[in-house]
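Every read-out reported here was derived from the displayed coordinates using simple, explicitly stated rules and does not represent laboratory data. All values derive from a computational prediction rather than experimental measurement. All Cβ positions, even for glycine, are placed from backbone atoms using ideal geometry, and neighbour counts span all protein chains on display.
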Number of protein chains: 2
Amino acid sequence: MKNFLYYTPTRVVFGKGAENDTGKLIKECGGKKILIHYGSGSVIRTGLLDRIIKSVHDENIAFVTLGGVVPNPRLSKVYEGIELCKKEKTDFILAVGGGSVIDSAKAIAYGVSNEGDVWDFYKKTRVPSSSVPVGVVLTIAAAGSEMSNSSVITNDATSEKRGCNCDLSRCKFAVMNPELTMTLPEYQTESGCVDIMMHTMERYFNCGENSEITSVIAEGLLRTVIKNAKILLQDPLNYNARAEIMWASSLSHNGLTGCGNDAGDWACHQLEHELGGMFDVTHGAGLAAVWPAWARYVYKNSVCRFARFARAVFNIDIEEDEKAALAGIDALEAFFREIKMPTNIRELGQEVNQGQIKTLAYNCSFKNTRTIGSVMKLNVQDIENIYTQASK
Amino acid sequence: MKNFLYYTPTRVVFGKGAENDTGKLIKECGGKKILIHYGSGSVIRTGLLDRIIKSVHDENIAFVTLGGVVPNPRLSKVYEGIELCKKEKTDFILAVGGGSVIDSAKAIAYGVSNEGDVWDFYKKTRVPSSSVPVGVVLTIAAAGSEMSNSSVITNDATSEKRGCNCDLSRCKFAVMNPELTMTLPEYQTESGCVDIMMHTMERYFNCGENSEITSVIAEGLLRTVIKNAKILLQDPLNYNARAEIMWASSLSHNGLTGCGNDAGDWACHQLEHELGGMFDVTHGAGLAAVWPAWARYVYKNSVCRFARFARAVFNIDIEEDEKAALAGIDALEAFFREIKMPTNIRELGQEVNQGQIKTLAYNCSFKNTRTIGSVMKLNVQDIENIYTQASK
């Protein structure tokens with residue numbers, strides 16, 4: 001087992017009615033004047049924002065609001081939030097939404113608390129030294145940002161999508177009521193399931209040492225998400241299925257599914273980040289569209305692990321490792337299709353030409369200055385090959 | 001799935017050499033003068049205490065020490081610690097040891113930080129309102145106290161063994177180097193494995209609703225502990241097996257294996273607490289000695305769950321639930337025997353007479369004022385029946 005650090009200080013309040021505790025939770029964190037940050041009008045339409053505001057108001061906490069966060073959240077909105085928070089002298093940020101809103105809130109929190117341009121932290125030319133506290137009322141199970149240390153922002157001036165990982169941004173609390181996810185369109189729900197699975201799978205696949213207990217937790221989590229993603233196709237109002245998926249979203253990205261493993265791979269996330277930057281695709285769907293091509297390109301470097309995955313997650317009973325590995329890739333691809341997810345870039349609704357593929361690969365390799373992935377270290381040519389394969 | 005709270009703020013530093021970070025970790029927590037609390041001379045003999053002191057000294061942190069904590073830690077030692085901390089004006093407590101030392105440290109931390117008699121919190125006549133911060137260098141994988149909110153103390157004046165559960169006592173950090181557990185006698189190692197399993201099993205067995213993802217995590221954890229407990233019988237210096245068991249000890253009792261489940265049972269822990277209070281037995285061994293009698297007494301109230309346990313943990317392929325359930329109980333009992341654990345009170349090395357059984361049952365039921373357990377609510381007569389069965 002590899003040495004590891006594990007730090008998940010987020011206080012989770014999970015279940016029906018949990019959002020009514022929001023005000024109290026902010027008060028416990030010392031919040032006196034807060035920014036309530038959200039995305040589209042759905043939190044207004046469903047009445048959620050009103051309930052949150054009532055809960056905040058009941059605790060005599062002052063607030064300002066900033067909505068309009070979009071999927072693949074924009075740096076321009078982050079700047080707007082930083083300015084507003086500085087002007088209003090807020091001391092806490094409440095994100096009401098999914099990964100995009102939380103990531104935007106984390107970026108604002110860095111920006112308020114540190115001098116200079118917040119984009120530096122995403123370009124990785126500086127690291128943040130502090131952060132305003134952030135709490136979240138979660139409305140989409142997907143990104144896992146509610147317990148993770150990561151935040152991904154798209155620079156709308158340059159189309160670059162970049163992440164910043166730092167424990168300072170771990171949320172103080174996460175309010176998770178699975179009922180709040182019931183109004184999501186099917187496509188968003190199922191994209192979320194893929195995103196959740198990929199957070200575990202990017203930690204699962206590697207060429208090195210792995211922890212047994214972490215592996216069995218990962219496999220159990222994946223089986224649970226697969227089972228409940230199928231249930232939600234037929235029965236989107238199934239509370240227990242929503243709850244299983246929602247809790248899986250946090251466990252999948254809070255670090256648990258990587259403890260003691262060799263470094264994860266994360267190539268698919270990076271391949272998808274470029275797609276997301278260029279075409280504004282739904283993150284989970286973008287991951288589903290690149291994974292099969294990635295897996296078939298790299299599996300030979302980690303046949304045992306892919307074979308174990310096939311057996312433990314899909315109950316594939318094939319003795320020969322290579323055949324089992326390939327059957328596992330087929331099974332996951334078939335599952336993606338079953339939940340109406342794309343399994344290549346075309347099915348994602350994007351025709352990509354050769355020039356665009358070259359641009360994607362060039363950007364993904366940071367202008368040919370880095371490789372991505374660990375199962376196989378992928379250079380700019382490998383990346384181009386995978387994008388090409390995924391576009392057929 | 002049931003509503004739940006989950007809060008595990010402990011910073012885990014896991015792996016070889018982790019103890020060398022102790023001083024830095026205390027400094028990050030703001031500790032300036034600390035109590036180093038430990039148990040027997042083994043931490044001195046192995047040189048661990050010296051290395052810890054060096055690490056503390058390197059950060060210019062002042063310290064006082066208090067050793068002599070025994071298994072089933074004593075209230076008298078807690079009082080001694082409180083007095084010492086108050087006199088020396090310490091601001092942080094470092095536990096170097098296993099569950100007993102950590103639990104004693106937590107009790108001292110409550111006592112220093114709250115007025116009045118600390119035993120009140122264990123009698124549950126008051127709740128603590130604050131706590132001095134506690135950190136731990138773990139040397140035994142068993143109690144899970146390094147990430148749990150619980151502390152169990154034995155009042156040596158009355159022979160009562162009582163627990164206090166409160167999030168204030170969650171450790172600030174836990175330093176976990178599996179190598180530090182390699183010097184443990186086999187009996188302590190294997191008792192620890194039982195304790196770890198029971199922390200998950202007491203959350204697993206109930207008559208109500210359960211979370212699927214929590215169930216599969218629990219089952220995976222149990223399979224991992226079973227596998228590695230057997231490895232350590234043959235190969236006690238096996239680093240990976242030590243590491244799997246050590247990480248399982250924390251995950252088993254930090255709340256993860258109960259999220260979304262109906263209330264756990266905990267009857268076996270309470271049955272064992274009385275044994276521990278009367279005879280000073282090793283906690284894990286005491287649990288192994290009462291579990292089979294408990295399981296056969298109550299399983300009919302939760303046949304499905306016991307059957308699922310049998311199939312998922314021991315791969316028992318019996319279709320009929322009741323037969324599968326009984327086969328699972330047999331399998332766990334056989335496993336206890338295989339790792340040289342007692343499966344009844346006699347094998348624990350205790351002859352218990354009828355009068356003592358009556359006393360144990362009377363005390364365990366708090367003088368016939370409470371029932372214990374949830375799979376079956378056990379009154380004083382049920383408790384007596386189980387002790388009797390476990391003494392045959």
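Rounded to whole numbers, the Karplus 3J(HN,Hα) couplings from phi for segment A:158-164 are 10, 6, 7, 10, 9, x, 10 Hz, using 6.51 cos²θ - 1.76 cosθ + 1.60 with θ = phi - 60°, and x at Gly and Pro.
Ranked from shortest, the separations from the 7 Å Cα-to-Cβ label point of A:Leu233 to its equivalents in the other copies are 4.5 nm.
Given the rule -39500 (n - 2.57) for each run of at least 4 DSSP H residues, summed and divided by the residues of chain B, what is its mean residue ellipticity at 222 nm, to the nearest 500 deg cm²/dmol? All intermediate terms of the calculation are to be shown ahead of the outcome.
Details: 15 runs with 194 residues, N = 392.
Value at 222 nm, helices only, nearest 500: -15500 deg cm²/dmol.
For segment B:249-335, the list of chymotrypsin sites (Phe, Trp or Tyr not before Pro) that fall in a loop by DSSP and count at most 11 other C-beta atoms within 10 angstrom is empty. Mind jotting down the distance between the C-alpha centroids of segment A:311-340 and segment B:55-98, whole Å? Going from one Cα centre to the other spans 54 Å.
Largest GNM mean-square fluctuation across A:Lys24, A:Lys87, A:Lys340, computed for chain A with C-alpha springs under 10 Å, falls on A:Lys87. In a Gaussian network model over chain B where Cα atoms closer than 10 Å are linked, find which of B:Leu180, B:Leu326, B:Leu287 has the largest mean-square fluctuation. So, out of B:Leu180, B:Leu326, B:Leu287, the one fluctuating most is B:Leu326.
Placing a label point 7 Å from Cα along the Cα-to-Cβ direction at B:Glu209 gives distances to the equivalent points in the other copies of 4.2 nm, listed shortest first.
Across segment A:213-221, coupling constants 3J(HN,Hα) worked out from phi with the 6.51/-1.76/1.60 Karplus curve, θ = phi - 60°, read 5, 5, 5, 6, 5, 4, 5, x, 4 Hz, and Gly and Pro carry x.
The Cβ shell under 14 Å around A:Glu322 holds other residues with a net charge of +2, Lys and Arg each +1, Asp and Glu each -1.
Counting Cβ atoms of other protein chains within 10 Å of each Cβ in B:204-212 and taking the mean gives 2. Averaged over peptide A:235-245, the number of partner chain Cβ atoms lying within 10 Å of each residue's Cβ comes to 2. How about A:Lys358: which aspartates and glutamates have a C-alpha closer than 14 Å to its C-alpha, ignoring those fewer than 8 places off in the same chain? Cα-Cα hits under 14 Å: A:Glu274, A:Asp382, A:Glu384. Here B:Arg203, A:Arg337, B:Arg311 are placed in order of increasing Cβ neighbour count within 10 Å, fewest first, which gives A:Arg337, B:Arg311, B:Arg203. Taking the alpha-carbon centroid of each part, what is the distance from segment B:278-292 to segment A:152-196 in angstrom? The two parts, judged by their Cα centres, are 47 Å apart. The mean number of Cβ atoms from other chains found within 10 Å of a Cβ in peptide A:219-225 is 4, as a whole number. Placing a label point 7 Å from the Cα of B:Asp21 along the Cα-to-Cβ direction, the distances to the matching points in the other copies come to 2.9 nm, shortest first.
Please report B:Arg242, A:Arg74, A:Arg296 as a ranked list, fewest other C-beta atoms within 10 angstrom at the top and most at the bottom.
Details: B:Arg242 25, A:Arg74 20, A:Arg296 17.
Ordered by Cβ neighbours within 10 Å, fewest first: A:Arg296, A:Arg74, B:Arg242.
By counting other Cβ atoms within 10 Å of each Cβ, how are A:His253, B:His57, B:His269 ranked from fewest to most? Walk me through the intermediate numbers first.
Details: A:His253 27, B:His57 12, B:His269 23.
The fewest-first ordering by Cβ neighbours comes to B:His57, B:His269, A:His253.
Based on the Cβ-Cβ distance from B:Val127 to B:Asp321, what FRET efficiency comes out when R0 is 60 Å, to the nearest 0.05? Intermediate results must be reported in sequence, preceding the final value.
On the way: r = 41 Å, r/R0 = 0.69.
Using R0 = 60 Å, I get an efficiency of 0.90.
The local environment of B:Gly97, defined by Cβ-Cβ distances under 11 Å, has a net charge of -2 under the rule Lys, Arg +1 and Asp, Glu -1.
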